[in-house]
Amino acid sequence: MSNSCVRKSQQIMKRPFLLAAELGVHVIWVLDTENHNVLQLAVMNRQEKKVFKLTFQMSHHKNLLLMSKDNFGNNVLHIAGKLAPQNRRHHICGAALQMQYELQWFKEVKKIVKPAYEEDKNSEEKTPAMVCTEEHEKLVKEGEKWTKGSASSCTIAAAPIATVVFAAAITGWKQR
């Protein structure tokens, strides 16, 4: 989404949100068409700062946000286990690094939920770990390919370097 679109949507939504706040309506309960609350949307879109700001600022509402489920029975940890949207993946180079980021994100969200959420099953009878594994299967394979390619490139580059270093060491030793 471009900056001008963001600014325009902020202008459009500013008054309704302010009015809701004035009337004591909790805007955190606004849901999208799939029943995602603002915390779930922030988790889904990898908005790290917003997720932790929301959870720590909403002390008494935090648990309600965290235990909320979408239309598919997914809790916030299931949502964290899903692959990041395409527009949130472009800034990370390489599948292995993307996979590392995805796993770190899942672990961070796991820290803010109750341990029971890890065993919670969605409407497809899948735990958050199962969702995470399935969603990232292709990325894992791409990461393995990338790692093997990088390793062989390093090996190819290492051989001439080792030869030069060895030759320099032998020359230095002979000159003693």
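Values computed for the structure shown
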{"quantity": "Verdict on Lys141 being surrounded by 10 or more Cβ atoms within 10 Å (Cβ to Cβ), at pLDDT below 95 and over 18 Å from Gln40 (Cβ atoms)", "calculated": "yes"}
{"quantity": "Filter pass, Ile79 being under 18 Å from the mean Cα position of the chain (by Cα), under 21 Å from Lys53 (Cβ atoms) and at pLDDT 95 or above", "calculated": "yes"}
{"quantity": "Residues (modelled with pLDDT of 90 or more, in a loop (DSSP other than H, G, I, E, B) and surrounded by fewer than 15 Cβ atoms within 10 Å (Cβ to Cβ)) located in the stretch 82-115", "calculated": "Lys114"}
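The values are calculated or read from the model by the stated rules, or taken from the named source; none is laboratory data. Note that the structure is predicted; figures quoted are calculated from it, not measured. Methodologically, a virtual Cβ is constructed for each residue, glycine included, from the backbone with ideal geometry; neighbour enumeration extends over all protein chains shown.
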